[in-house]
Amino acid sequence: MSQVQSTPTPPATHAGTPAVSGDDRVGKRSLLSSLFSRPEIGSLIGALGLLVLFLVVAPTLRSGASFSTVLYTSSTIGIMAVAVALLMIGGEFDLSAGVAVTTAALTAATTAYQLRLNIWVGVLLALVAALAIGAFNGWLFIRTGLPSFIITLGSFFMLTGLNLGVTKVLSGGVSSPRIADMDGFESARSVFASSVGVGPFNLRITVIYWIALVAVATWLLLRTRVGNWIFAVGGDPAAARAVGVPVKAVKIGLFMAVGFTGWLVGMHLLFNFNTVQSGEGIGNELLYIVAAVVGGCLMTGGYGSAIGAAIGAFIYAIVTQGVVYAGWSADWNKLFLGAMLVIATIVNLVVKNQAAKK
Amino acid sequence: MSENPNTEILSLTDVGKSYGNVHALRGVSLAVRQGEITCVLGDNGAGKSTLIKIIAGLHQHSEGTMVVNGEDVHFTSPRDSLGRGIATVYQDLALVPLMSIWRNFFLGQEVRKGFGPFRRLDVARMMEVTGQELAKMGISVPDLDRSVGALSGGQRQCIAIARAIYFGAKVLILDEPTAALGVKQSGVVLKYVAKARDAGLGVIFITHNPHHAYLVGNHFVILNRGRVSLDSARADITLDRLTNEMAGGAELEALSHELSSVSSSTGPTAAAAGSRTTEG
């Protein structure tokens, strides 16, 4: 209001002064700081540190066989962590991911057994069920606008109850029927639960799936339109919608991707052990989230990487297996895991802030 | 800089909009010509946002006519408006802070190469175009991989405008582009607005600030309570008059009269007390 009393002269000179054109305060970023701005760099340093630590304190870890075990453990968490990381970059959570794995395995075993079908039919039905769970989570999330945390917490409990309840009704017990003598078991086992010897390593096939999924997800994120959209819907859904990104479809697709990886891991568990306990999987959803966050994904969405999630899964495996190989009590696992989560998150934050300043 | 005989791209005649029995906008007429900047000024609640929303296709007008390129139109969605080459840069800019500059520039309109499942982003091409378009408008950003969140408000504003121009806008609506910026940054944005004008676009520049408007505008429209209270070409108005009109004109005089009668009764510190009351 005070402008009225003292109206300034028309600021012609003011306007003539060249405003900042090409800010000379902004220099080129060094290669090092570009490197440090990658989401996975903090977890990579952490993973290497832990690897060295456990190779020193647990000599048995140095053998090919035990290292293969570490990779196997990484892969069962890591396959899920890839999709969970994509979902988290897209701005959402899936707390039902752990039990959905069990649901997929139970679906395959139970339908094939009850209907006397080839086990492959059960496998396909399980895929449909797993994708449907993802689609349901996504659809409910879009329709209600509730936080995905609540929606998937709901489906977590519902699936937990369904897994136990339906299994009890159909088989009277807590585990799925044994399927080792059913048609198609051998071929399905070779697809989902075989091993390949590579040099001193005995690689489980899940390790190969894991690496392949990480590669595909990384390519998808960084080099495709869908990847661009995933970052956008997580970073700022309103802005994404304003420039024509199909926000709803992307989010539903991400929930379904988690469903897909849940199916893959579920099939592995089923054909590896030939039966599944209906109470399994509870709590694993948090491990996937830990892997994604340790790997540099932001809880708020819009930032992260699939490679980071893979490194996060590897960190989990090296800690849990390393503790065993070092001869320490496995009781300490969770303590390590929790500390790792907090430390990794702090390191990521510091690294990210440093990179932003440079 | 007098009245310019450029072709009219967009014109509104007696446009009105009511929500139930509330008339948010009444009898607004406005023309946007190629290569000209039409400034729309007004206080909070004057109807500026309603006006933008009608032109951007978010709302439909309930009275009057809107003509785009000689055709009578009634937009039903923002897509209609975009399809006619009208791009709106809102205050929130529709940029994703954590994403890089080039990714933001092409978000939703990505350039791709390859076939079938191997269709992928043509990163080199998109970076090249982004760099060129920004350079054309005098913004130099050394690293297009830098995230938009690390840029200043003015630079972000410029990227949003450059994007709208590159994707074929004929009319650019800028919703308070300088509202949240400092003096220097406002200067950058204003220069950029002028460049958009020189590139042949018709610009609607919505602002609170008569000084900013006067620096670049060819035509000024002031809205007050949903009506046009001033409609003038640049040649017919001075900054003083514009500032005064914007601040309320007649209403302000009445207020100052009222205040002086209040302050004269409170004694010799009248002037100081008066100005303090004005701010409060």
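The values are calculated or read from the model by the stated rules, or taken from the named source; none is laboratory data. Note that the structure is a prediction, hence the values are computed from the model and not measured. Using ideal geometry, Cβ is built from the backbone for each residue, glycine included, and neighbour counts are taken over all protein chains shown.
Look through region B:141-168, keep the residues that are away from chain A (no Cβ under 13 Å) and either at negative phi or acidic (Asp, Glu) (or both), and return whichever of them is surrounded by the fewest Cβ atoms within 10 Å (Cβ to Cβ). That would be B:Ile165. Restricting to region B:106-130, name every residue that is small (Gly, Ala, Ser) and crowded, with 17+ Cβ neighbours inside 10 Å. Passing the criteria: only B:Gly108. So is B:Ala235 in a helix (DSSP H, G or I), under 18 Å from the mean Cα position of the chain (by Cα) and either at pLDDT below 85 or more than 13 Å from every other protein chain (Cβ to nearest Cβ) (or both) or not? Taking the combined requirement at face value, the residue does not satisfy it. Annotation note: Cβ proximity below 7 Å between a residue of region A:222-233 that is in contact (Cβ under 8 Å) with a residue 24 or more places away in the chain and more than 7 Å from every other protein chain (Cβ to nearest Cβ) and a residue that is part of a helix (DSSP H, G or I) and of a type outside the set (Val, Ile, Thr) (sequence gap 6+ or interchain) occurs for A:Val226/A:Leu220; A:Ile230/A:Leu86; A:Ile230/A:Leu221; A:Ile230/A:Leu254; A:Val233/A:Ala240; A:Val233/A:Lys251. Cβ-Cβ distances below 6 Å connect the following pairs, each with a first residue in region A:49-68 that is touching a residue at least 60 places away in the same chain (Cβ under 8 Å), a second residue that is not in a helix (DSSP H, G or I), and a separation of six or more residues or different chains: A:Val57/A:Ala326; A:Ala58/A:Ala326; A:Gly64/A:Pro200; A:Gly64/A:Phe201; A:Ser68/A:Phe201; A:Ser68/A:Asn202. Restricted to region B:116-140, and to residues that are assigned to a loop (DSSP other than H, G, I, E, B) and either touching a Gly at 6+ places or on another chain (Cβ under 8 Å) or more than 8 Å from chain A (Cβ to nearest Cβ) (or both), which residue is farthest from B:Ala196 (Cα to Cα)? So the residue we want is B:Asp122. Taken over region A:226-249, the criterion of being surrounded by fewer than 19 Cβ atoms within 10 Å (Cβ to Cβ) and either touching a Cys at 6+ places or on another chain (Cβ under 9 Å) or not hydrophobic (A, V, I, L, M, F, W, C) (or both) is satisfied by A:Arg241, A:Gly244, A:Pro246, A:Lys248. Here is the figure for region B:179-206: residues that are within 14 Å of chain A (Cβ to nearest Cβ), buried (at least 20 other Cβ atoms within 10 Å of the Cβ) and not in a loop (DSSP other than H, G, I, E, B) total 9.
Residue under question is A:Thr160, and the condition is that it be crowded, with 18+ Cβ neighbours inside 10 Å and within 14 Å of A:Thr102 (Cα to Cα); does it hold? Please lay out each step first, then the result.
Working: crowded, with 18+ Cβ neighbours inside 10 Å: yes; within 14 Å of A:Thr102 (Cα to Cα): yes.
In short, yes.
Yes or no: region B:88-95 includes at least one residue that is part of a strand (DSSP E or B), within 14 Å of another protein chain (Cβ to nearest Cβ) and touching a residue at least 60 places away in the same chain (Cβ under 8 Å). Yes, region B:88-95 contains at least one residue that is part of a strand (DSSP E or B), within 14 Å of another protein chain (Cβ to nearest Cβ) and touching a residue at least 60 places away in the same chain (Cβ under 8 Å). Applying the set (1) in contact (Cβ under 8 Å) with a residue 12 or more places away in the chain; (2) buried (at least 17 other Cβ atoms within 10 Å of the Cβ); (3) more than 10 Å from chain A (Cβ to nearest Cβ) to B:Asp80 leaves exactly one unmet item: (2). Checked against (1) within 18 Å of the chain's Cα centre (by Cα); (2) exposed (fewer than 15 other Cβ atoms within 10 Å of the Cβ), B:Glu176 passes all but condition (2). In region B:98-105 there is at least one residue matching the filter, namely being of a type outside the set (Phe, Trp, Tyr) and over 19 Å from B:Ala162 (Cβ atoms). Checked against (1) out of contact with any Cys (no Cβ under 9 Å at 6 or more places or on another chain); (2) closer than 17 Å to A:Gly259 by Cβ; (3) surrounded by 22 or more Cβ atoms within 10 Å (Cβ to Cβ), A:Met88 meets all criteria but (1).
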